[in-house]
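Below: the structure, in structure tokens.
We did not get these values from a lab; they are worked out from the coordinates using the rules stated. On a predicted model such as this, the values are computed, not experimentally measured, just so you know. Note that we place each Cβ from the backbone using ideal geometry, even for glycine, and neighbour counts take in every protein chain shown.
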Amino acid sequence: MNKTNQDWNSKLTTEEYRVMRDKGTEMPFKGEYYIHNDNGIYKCKGCNEALFSSESKFDTSCGWPSFDNEISEGKIKEVVDKTHGMKRTEIVYANCDSHLGHVFNDGPTESGLRYCVNSISLDFENK
């Protein structure tokens, strides 16, 4: 999906653009899906494609929604992030390159992963 900046500006709010296109971060503990326990599918706000199932969501008290697996392999692309004096792994949606957050290998489930995602990058569809 090759949208121009003008396309994204017309689709996203200023804050959504800051996070999803400029790789910002929303405030911890404030996002819509941080404390959210409904059953369904979390989708990319940029292009409405399924990214995570509520079955893979878990509470880590880190301030952002956390998941242990993407809904299907290849949905999420990992990018080395060396900003802020750290080396982390950024996650973006492979289809539209929207910034989602970061993935860490300290998850408490069998996968060992913790996809730490900005709520503002997501939409939710109830089952």
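Summary of values
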| quantity | calculated |
| --- | --- |
| Helix-only [θ]222 nm of the chain, DSSP H runs n ≥ 4, -39500 (n - 2.57) each, per residue, nearest 500 | -3000 deg cm²/dmol |
| Amide proton proximity set for LYS23, modelled H, under 5 Å, gap of 5+ | HIS99 |
| Choice from SER98, SER61, SER53 showing the highest fluctuation, given a GNM over the chain with Cα pairs closer than 10 Å | SER61 |
| Under-5 Å amide H pairs with LYS43, H placed in peptide plane, nonlocal only | LEU51, ASP123, PHE124, GLU125 |
| Neighbour-count order for GLU16, GLU110, GLU125, fewest beta carbons within 10 angstrom listed first | GLU110, GLU125, GLU16 |
| Spatial separation of Cα centroids for segment 72-98 and segment 103-127, in angstrom | 13 Å |
| Taking PHE124, PHE52 and counting other C-beta atoms within 10 Å, the order from fewest to most | PHE124, PHE52 |
| Extension reserve of the SER61-HIS36 stretch, reckoned as 0.36 nm per residue once the Cα distance is removed | 7.7 nm |
| Radius of gyration, Dmax [the chain; alpha carbons; angstrom] | 13.6, 42 |
| Lysines with Cα under 17 Å of LYS77, excluding same-chain neighbours fewer than 8 positions away | LYS23, LYS43, LYS45, LYS87 |
| Under the Karplus curve 6.51 cos²θ - 1.76 cosθ + 1.60, θ = phi - 60°, whole-Hz ³J(HN,Hα) for segment 70-81, x wherever Gly or Pro sits | 6, 5, 7, 4, x, 6, 10, 9, 9, 9, 5, 10 |
| Rounded to whole Hz, the Karplus (6.51, -1.76, 1.60) HN-Hα couplings of segment 22-36, x for glycine and proline | 9, 6, x, 9, 7, 4, x, 6, 10, x, 4, 9, 4, 10, 8 |
| Hits among aspartates and glutamates - C-alpha to C-alpha of LYS30 under 15 Å, sequence gap 8 or more where chains match | GLU15, GLU16, ASP59 |
| Aspartates and glutamates with Cα under 18 Å of LYS82, excluding same-chain neighbours fewer than 8 positions away | ASP22, GLU90, ASP97 |
